[in-house]
1. When we measure straight from the Cα of K16, which lysines land under 26 angstrom away, once same-chain ones fewer than 8 places off are left out?
2. Between E29 and E5, what length in nm is gained on full extension when 0.36 nm per residue of separation is reduced by their alpha carbon distance?
3. Can you put T4, T160, T115 in order of accessible area, largest first, using a 1.4 Å probe?
4. When the dipole is taken about the Cα centre of the range 108-170, and only Lys, Arg (+1) and Asp, Glu (-1) are charged at their Cβ, what size is it in debye, to the nearest 20?
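The values are calculated or read from the model by the stated rules, or taken from the named source; none is laboratory data. No experiment lies behind these values; they were computed from the predicted model shown. Cβ: placed from backbone, ideal geometry, glycine included. Neighbour counts: every protein chain shown. Surface accessibility is based on the protein's heavy atoms, side chains included, excluding ligands, DNA and RNA. Shrake-Rupley method; radii C 1.70, N 1.55, O 1.52, S 1.80 Å.
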Amino acid sequence: MTETEIVTLASGTATKAALEVFERKMNAERESFAARRLERARQILRDYRTLRAAALASVHDSAEAVTEDDLVRELMSMRDTSRIESIAYSAQRTVTLLTHVDRCLDVFRILCERTGKERQWRVINGLYIADDPLTADELAEREYMSTRSIYKEAKAAIATLAVIFFGEAY
C-alpha cells in the first residue's frame, strides 16, 4: 500500500467517524429539544388556570398588551427596566401568552373535531382548561375508559399541542 493510499484510507475513516459523531450529537439535540418542547407544553397546560386568573385580575389595560414582536425585541435588547415597568410588562406578557395559548387551544379543538379525536379535547379540557377541573379518575369514569388510557390520551394530545404552540415537529 502506498503512502497516498494510506492517507486516503485514513482520511476517509476519520471523516466517516466524524460524521457519525456529528449525527449522534444532532439526534441528541433534536431529542432534547423535543423533550423540552413537550415539557413546556405540559407546564403551560398545568399553569393555564393560574395564567387565566392572573390575566383577568391584571390592573393593566389589555389594549396595552405587548405584541409577540415586542416580546422578541425585549428579549434581544436586554433592556434594563425599573421594577414597576417590569411588573407591568410581566402582566402584558401574561396576556399575550394567554391569547396565544387560547388561539392554539381553539385550533386543537377544531382539529380534534375534524379528525374524530374529540376525546383528546375532552381530556385536555377536563384536566387543564375547564373552570371545574376533573381528575383522571373522574374523566376515566365519564369516558368509560381506564385511568391509564386517560393519561395516554393526554400524552398524545400534549404532543400535538406542543407542535401547535411552538410550530415545529420532529
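1. Cross-link targets: K25.
2. Values: separation 24, 0.36 × 24 = 8.64 nm, distance 3.60 nm.
Using 0.36 nm per residue and subtracting the Cα-Cα distance, I get 5.0 nm.
3. Values: T4 100, T160 45, T115 75 Å².
These residues rank, largest area first, as T4, T115, T160.
4. Dipole magnitude for the range 108-170 comes out near 280 debye.
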